[in-house]
Amino acid sequence: MTTTRPRVAIAGMSIESSTFSPHRSGWGAFTLRRGAELVAHYPFLADGAPLRDAADWTGVLHARSLPGGAVPADVYESVRDEIVATLRAQQDEHGPYDGLLLDIHGAMTVVGRDDAEADLAAAVRAAVGPGTLISTTMDLHGNVPRELAQVSDLITCYRMAPHEDAWETRERAAANLLARLESGGAPKKAWLQVPVLLPGEKTSTRIEPAASIYADVARAADLPGVVDAALWVGYAWADEPSCRAAVVVTGDDEEVIVREAEQLARRYWDARDDFAFVAPAAPYEECVATALASEARPYFLSDSGDNPTAGGAGDVTWTLARLLAEPAFARPVEEGGRTAIYASLPDAEAARAVAAAWAAHGPRTSVDVEAGARVDDGPHGPVRLRGVVEHVSEGDPDAGIVAVVRVGGLRVILTERRKPYHLERDFTAIGLDPRSTDVVVVKIGYLEPELYDMAADWMLMLTPGGVDQDLLRLGHHRLTVPTHPFHAFDTEPKLRAELL
């Protein structure tokens, strides 16, 4: 128990990494924050906020990336080693930290290494020593091997998918940390893994059974003797032994936390065959035919196999090649065609070429460029964009150059770098009006809140790519056996929690 304002460090590394994508998430993928900039990144640590005033917060280093492919070993090790070196140097100067907020995703894959977050947490623990409380905050699509749960004194994750509670979860992790520093110290943890691995698009908390299961997580967390309860879905697009669902309930009442952890695990296991896609899901042909036949406008289609926010390379052209050949979009609307937006295709060389043509010849110049499949050409090679340039802008903090090329009634958003299109302003800022468009195709899984609210109707397209929703055709071979739905079970799993 501390008698003065506690000293708390913040550190971490956050990325979701598909091992089925050829993309590599190097230094260019990461945003690095240190010191005061890192502390200020957390809304609940704004000047004057109660949590900000409750402790002395120190930003060490946090590296965050859009989901993508595996992280090169040298990038990960440089981040880890800087965090460790900075923690040691700061403690040599100012004394031990009372607490540390470890902000990770839980689905980081590092080339040549399993369970990278467990390695990071162990390195942090070695740097701060056993007397510092570590509170780990995670995405619910992360994995929780025993080593990660063991090293973390407190550990939690989101309870909503889509992740509308992302900041709320981090705040809860910080508040729990300060509360335990004030009284109680490190709680006990009941941990177990559940041998189920499903994609997020089948486990959305918008629908059952996840809605009720996660309501039960919140119920368990509020019980006397419990500090927190968390249920992880796991990350379906990595091929590591720890990729599976997990439960951790923390608290001081051993009987209660074990009972609740096992109950949550049993509920998840029992519902394993009840999880379904969050929207009607079908192959490309059925989705496009349904969208064109519907009177709902705008009609959103999710190009899910190459979703960059799940780890896809983002430049798979399989769907776009088919859209370019669709008769309904092949002619302008004034000639009886239909309108569509495709968001988006990253290709630095093609985006620069379109920008150069715009600069040389002005708006509505014609272009003929090959684009896409520079990183992931497995499903389809580059596509040819022969059309009219309707917009070019530079300096987008995520995408760099952004161009809109109209091919018939189809407007293709071409970017210098990968960027997810989740907000209405992402479209309107470049002169597009998704609300008045017939069909909007976005590289995503389940629709993020603004798109979901905007869509008059929508479908999930089952398309190929590094985050293919058809998990069985991806070729996992390193998962712990048995894991549903990859393996048959001879007997029911025991689902017994371990006290850590």
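The values are calculated or read from the model by the stated rules, or taken from the named source; none is laboratory data. Predicted model, so just to flag it, every value in this text is computed and none were measured. All Cβ positions, glycine included, derive from the backbone under ideal geometry; neighbour counts span all protein chains shown. When the accessible area is computed, the model is the full protein with side chains, heavy atoms only, and any ligands, DNA or RNA have been set aside. Shrake-Rupley method; radii C 1.70, N 1.55, O 1.52, S 1.80 Å.
Local charge for Leu292 was computed over the other residues whose Cβ lies under 15 Å away, with Lys and Arg +1 and Asp and Glu -1, and equals -2. Restricting attention to the range 306-443, close to 65% of DSSP beta bridges with both partner residues there are antiparallel.
Between Ala325 and Asp273, 0.36 nm times their residue separation minus their Cα-Cα distance comes to what?
Details: separation 52, 0.36 × 52 = 18.72 nm, distance 3.72 nm.
Here the segment from Ala325 to Asp273 would lengthen by 15.0 nm.
Output the antiparallel fraction of DSSP beta bridges having both residues in the chain, as a percent to the nearest 5.
Values: 38 of 86 bridges.
Counting only bridges with both partners in the chain, antiparallel ones make up about 45 percent.
Quick one: net charge of Ala488's neighbours, Cβ under 15 Å, K/R +1, D/E -1?
Details: positive: Arg272; negative: Asp273, Asp490, Glu492.
Here the charged neighbours net out to -2.
Spin-label model, Ala296/Ala215: points 7 Å from Cα along the beta carbon direction are separated by 2.4 nm. Normalised by the number of residues in the range 178-273, the mean separation of alpha-carbon contacts (under 8 Å, six or more apart) gives a relative contact order of 37 percent. Positive contributions from Lys and Arg (+1) and negative ones from Asp and Glu (-1), summed over other residues with Cβ under 9 Å from the Cβ of Thr132, come out at -1. Sorting the segments 183-192, 424-433 by their residues' average number of neighbouring beta-carbon atoms within 10 angstrom, most packed first, yields 183-192, 424-433.
Checking (1) 40, 31, 21; (2) 39, 25, 24; (3) 41, 26, 19 against the coordinates, the calculated semi-axes √(5λ) of the Cα gyration tensor in Å falls under label (3). Between Asp457 and Phe300, the built amide H atoms are under 5 Å apart, and every one of these is 5 or more places off in sequence or on another chain.
Considering only C-alpha atoms, what is the centroid distance from the range 11-74 to the range 364-383, in Å? Cα centres, the range 11-74 to the range 364-383: 32 Å. With contacts taken as Cα pairs under 8 Å and at least 6 residues apart, the range 21-126 reaches a relative contact order of 28 percent.
With helices as the sole contributors, the chain gives -8500 deg cm²/dmol at 222 nm; each DSSP H run of n ≥ 4 counts as -39500 (n - 2.57), and the sum is divided by every residue.
Determine, for each peptide in 125-131, 370-376, the mean count of other beta carbons within 10 angstrom over its residues, then list the peptides with the highest first.
Values: 125-131: 15.3, 370-376: 22.0.
The most tightly packed comes first, giving 370-376, 125-131.
Taking label positions 7 Å along the Cα-Cβ direction at both Lys494 and Glu334, the computed distance is 7.4 nm, reported to one decimal. For the chain, the relative contact order works out to 17 percent when only alpha carbon pairs closer than 8 Å and six or more residues apart are counted. Computed from the Cβ-Cβ distance with R0 of 51 Å, the FRET efficiency linking Asp252 to Trp27 stands at 0.75.
For the range 217-286 versus the range 124-184, the spacing of their alpha-carbon centroids is 16 Å.
Counting 0.36 nm for each residue step from Phe44 to Glu285 and taking away their Cα separation leaves a gain of 82.2 nm. For the chain, carbon and sulfur atoms together expose 48% of the accessible surface, with a 1.4 angstrom probe and every protein chain in place.
Residues whose amide H lies under 5 Å from that of Leu66, counting only those 5 or more places away or on a different chain, are absent; hydrogens are built 1.01 Å from N in the peptide plane. The residues of the range 168-227 have, on average, 34 Å² of accessible surface per residue, using a 1.4 Å probe with all protein chains present.
Can you work out the accessible area per residue across the range 1-126, with the rest of the protein chains kept in place, probe 1.4 Å, in square angstrom?
Numbers: 4960 Å² over 126 residues.
With all protein chains present, the range 1-126 gives 39 Å² per residue.
Amide H contacts of His484 (H built 1.01 Å from N, in plane; Pro and chain starts excluded): Val196, Leu197 sit under 5 Å, all sequence-distant by 5 or more or on other chains.
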